[in-house]
Amino acid sequence: MKQAVYGLGLYVFLCLPPVVTLVESIMSFHMHVQMPLLIIVGILMAPFFQKKLSGFFENWNHNGVPGILLFTIILAYWMMPRTMDEALTIHAVEIFKFISLPFLAGVPLRDSWRKLGKMGKNVIYIVFSIMFGFMGWLYVAAPTQLCNNYLIVEQKTLGWGFLAFALCIIIYFIQLLFIDESEYE
Amino acid sequence: MEMAAKEIFKEKTNKALGVNPDDARLTLTYFSLAFIVLFIGGTLGLLQGLNRAGLLELPAWFNYYQVLTAHGILLILIFTALFMVGYFYAAMSHTLGGLIPSVRKMGWTALGLMLIGTAMVVITIVMDEATVLYTFYPPMQASPWFYIGLVFIVLGVWAATLGVFTNAAIWKKRNKGQHLPLLSFFAVGAFLLLFLGSIGVTIEVLMLIPWAFGWTETVNVMLSRTLFWSFGHTLVNVWYFTAISAWYVIVPRIIGGRLFSDTLARVVVILLVILNVPGGFHHQIVDPGFTEGLKFMHVFMSLSIAFPSLMTAFAMFAVFERTGRKEGAKGLLGWVKKLPWGDVRFLAPMIAMIAFIPAGAGGIAQTNNQLNQVVHNSLWVTGHFHLTVGTTVVLTFFGIMYWLIPYLTKRELTPKINKLGIIQTITWTVGMLFMSGAMHLVGLLGSPRRTSYTTYGDNATALSWDPYLFFLAIGGTLLFIGVVLMVYIVFHLMFKAPKGNTEFPIAEPEDDASTTPKWTERWGLWVVLAIAVISMGYLVPIVDLVVNAPPGSPPFRTW
């Protein structure tokens, strides 16, 4: 349960107004620091919910597929330029971000990950590297401003950030294919 | 039967005491060259210190700035790189049961590449074609051959890195289920960090070469600086990495103690690899061209490096206290008396550790905007640097020499050389106290760094710096004596010391130590996290500097 407390601490820190203002002032920090950290909050808090609502997770996320699907939908939603823009201008959307990313993406991710088989995990690595690669291309190549709140240069930076993320996933995936962790048990 | 038993016994003793002569030759060659470089660099340091204090006029054909460039590059890049490769190759040879022949070849190739590079760099500096100071970023432009020399040095470092990774990977394949021995784990971490850190500077130098040849007219100065510092600060932490590997693994054994915690040491390695590279940004905290918000976030990046250092400080002093108490120490600080102060193998790294307390604190102070503005580009920075690298790192390196060379040459450290070593350590410490202390103080008063002696037309403020600069020169002289003593000790231990058996001291874990978790070996994950953190730190400034590039700068020759 220690992890859940750390998660709560991180959540409170991320909710502090000066922190929110600072990380949202730079586009790539908004998407590539704040949002992943919110997901990590959920990942850390997951054991608490798994313990309290074990029946719920057993009924609705038996094989991990619904959870990972929910995670993917939430992430895909927050990758749209418009949603990030709205989070800055519409209060309700900002609140939704702070609820959806930890509790509808982070928590289901942790609950699903162990339940997924090797095949399922590989699909996720591939899907997300393609998705991040596509987003990278979109943000780098788009000639117009996609978000009202951020300049084109920030958009391009975010694009390169997506490509870096995609590269990280690909490297990790490839090393998983070549290194058999069980050999080092 | 008796013969067979004897053979087994011999094999066992060889395993415990022996060293592969081929591996020993490789490391000893590295060390010989490293200490020749130290001697040349130290001599240049003395000339520099005396000139800076106004006591010595350097000739026009070899001026202060040439001396500074050569002193910096020889000691900061070459000495440390040679030492690091030699030391870690010896560590791997010992802990992994000998180097694999192909890895040994990589070690020799690395040495060849580094020497070619060093020769090119030194020749261009002596010819006064590359007086660009050791930071070598534009708009000051050196001869293209200077930059090509740097490429060779980097290629040498990469060859050595490949050797370390290869040896570790093959050992892991042959020893399934076992953790890489801690010292080799440090080697993998240190070389991984060196590799990640050198990517930026390689890109920088590859941009500078066409510019230096005149094929491109201008160069993006801010981008070059950013790429340089992604390497510059990381390099400092690579040496620190090398030093703490000895603190964690060797020092406890020398004082008769045990490892504090294998897991903690490995976590420190992992954290240093992941967090380090973006820390270099604090060197640009007063540079124009970056937003305030970005600089503010980079303070976190810089300070995060302090975290594993504080863990190290805790672990080391815990080992000292535990060992002292086991030997019957009483009271709050009674264990201090139980430490083997008369053993130079302990004294040198111990002073190195103590020096790291003010050195690290000074470093933390410089990470933030306001304090950095006070000391930026003043002699304070040079003082800080000499305290961290010149004392913490180098004294640890010296401490390693007293057992590693006798181990490799199958000789012994005599009480006489031990005594001389203590004198050397004290001379070095006092010299550094004077020199680095004076630099810190006069830096606070505004004296600039990288400047030949000048009174700025007898300006009162500049004249008030003189007494401090005098102390700087006295310290520099003591340090030069220290260099001479150390070079003598190293070569004496290599060729003259009496034959005997010296142990490679590796601390054992405590009897009740918990097992090291398997996740510490997940290098794939650490590499990916390091790349993610580097991209988090550097994408924003670099894309901005490329997309909104300032007008490129033509070359400048300021000398």
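Any read-out appearing in this document is the output of simple, stated calculations on the displayed coordinates, not a laboratory observation. Computed from a prediction, not measured in an experiment: that's the story for all the values here. When we count neighbours, we look across all protein chains shown, and the Cβ atoms used for this are built from the backbone with ideal geometry, even at glycine.
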Charge dipole (debye, nearest 20) of the protein assembly as shown; +1 at Cβ of Lys and Arg, -1 at Cβ of Asp and Glu
1780
When Cβ neighbours within 10 Å are restricted to other protein chains, what is their mean count per residue of peptide B:538-548?
5
Of the candidates A:LEU14, A:LEU88, A:TYR150, the farthest towards the positive dipole end of region A:1-156 (Lys/Arg Cβ +1, Asp/Glu Cβ -1, centred on the Cα centre) is A:LEU14
Treating the Cα atoms of the protein assembly as shown as identical point scatterers in vacuum, please give the log10 of the normalised Debye intensity I(q)/I(0) at q = 0.07 Å⁻¹, two decimals.
-0.55
Electrostatic dipole magnitude of region B:412-552 [Cβ: Lys, Arg +1; Asp, Glu -1; Cα centre; debye, to 20]
480
log₁₀ I(q)/I(0) of region B:200-276 at q = 0.16, 0.18, 0.21, 0.25 Å⁻¹, via Debye over equal Cα point scatterers, no solvent, to two decimals?
-0.69, -0.78, -0.91, -1.09
Label-point gap, in nm, between B:ALA119 and B:THR515 - each point 7 angstrom along Cα→Cβ
5.3
Run a plain Debye calculation on region B:189-332 (Cα atoms as equal point scatterers, no solvent) and give log10 I(q)/I(0) at q = 0.13, 0.15 Å⁻¹, rounded to two decimals, same order as the q list.
-0.69, -0.82
Roughly what would the spin-label model give for A:PHE13 and B:PHE317, points 7 Å off Cα along C-beta, in nm?
2.4
So, relative contact order of region A:91-185 in percent, Cα under 8 Å, 6 or more apart, is 27
If you take every residue apart from B:LEU26 with its C-beta less than 11 Å away from the C-beta of B:LEU26, what net charge results, scoring Lys and Arg +1 and Asp and Glu -1?
+1
In region B:119-178, chymotrypsin sites (Phe, Trp or Tyr not before Pro) in a DSSP loop with at most 11 other beta-carbon atoms within 10 Å:
none
At 222 nm, what value in deg cm²/dmol follows for chain A if DSSP H runs of at least 4 each add -39500 (n - 2.57) and the sum is divided by all its residues, to the nearest 500?
-24500 deg cm²/dmol
A correct Kirkwood calculation over the Cα atoms of region B:460-557 returns a hydrodynamic radius in Å of 22.0
By how many nm would the segment from B:LEU206 to B:LYS496 grow when fully extended, if each residue of separation counts as 0.36 nm and the alpha-carbon distance is taken off?
99.9 nm
Based on Cβ point charges of +1 for Lys and Arg and -1 for Asp and Glu, what charge dipole magnitude is obtained for region A:20-117 about its Cα centre, in debye rounded to the nearest 20?
380
Using +1 at the Cβ of each Lys and Arg and -1 at the Cβ of each Asp and Glu in chain B, identify which of B:VAL164, B:LEU441, B:VAL483 lies farthest towards the dipole's positive end.
B:VAL164
Applying the Karplus parametrisation 6.51 cos²θ - 1.76 cosθ + 1.60 with θ = phi - 60° to the phi angles of region A:111-118, what ³J(HN,Hα) value in whole Hz is obtained for each residue in order, glycine and proline being reported as x?
5, 7, 4, 6, 7, 6, x, 4
Shielding by partners - mean other protein chain Cβ count within 10 Å, residues of A:165-171
3
With T = 10 °C, eta = 1.306 mPa s and Kirkwood Rh from C-alpha pairs, the Stokes-Einstein D of region B:17-176 in µm²/s is about 94
Could you list, in their original order, any pairs among B:LYS176/B:LYS410; A:LYS51/A:LYS118; B:LYS176/B:LYS518; A:LYS52/A:LYS115; B:LYS326/B:LYS499; B:LYS337/B:LYS410 whose Cα atoms are separated by more than 22 Å?
B:LYS176/B:LYS410; A:LYS51/A:LYS118; B:LYS326/B:LYS499; B:LYS337/B:LYS410
Counting all C-alpha pairs of chain B, share separated by more than 32 Å (%)
45
Calculated over region B:133-267: convex hull of Cα atoms, volume per residue (Å³)
126
Of region A:122-156, those with amide N under 17 Å from the point 7 Å along the Cα→Cβ vector of A:ASP85 are A:138-156
Loop only by DSSP, 14 or fewer other Cβ within 10 Å of the Cβ. Give me the chymotrypsin sites (Phe, Trp or Tyr not before Pro) in region B:268-342 that pass, ordered by residue number.
B:TRP341
Chain B: DSSP helices with Cα axial extent of at least 27 Å and average Kyte-Doolittle hydropathy no lower than 0.5
B:21-52, B:101-126, B:144-174, B:182-213, B:221-249, B:344-366, B:415-444, B:466-495, B:523-547
State the answer as a single residue: which of B:ALA318, B:VAL122, B:LEU75 lies farthest towards the positive end of the charge dipole of chain B, with beta carbon charges of +1 for Lys and Arg and -1 for Asp and Glu, about the Cα centre.
B:ALA318
Grab the Cα-Cα distance for B:LEU310 and B:ASP458, subtract it from 0.36 nm times how many residues apart they are, and report the gain in nm with one decimal.
48.8 nm
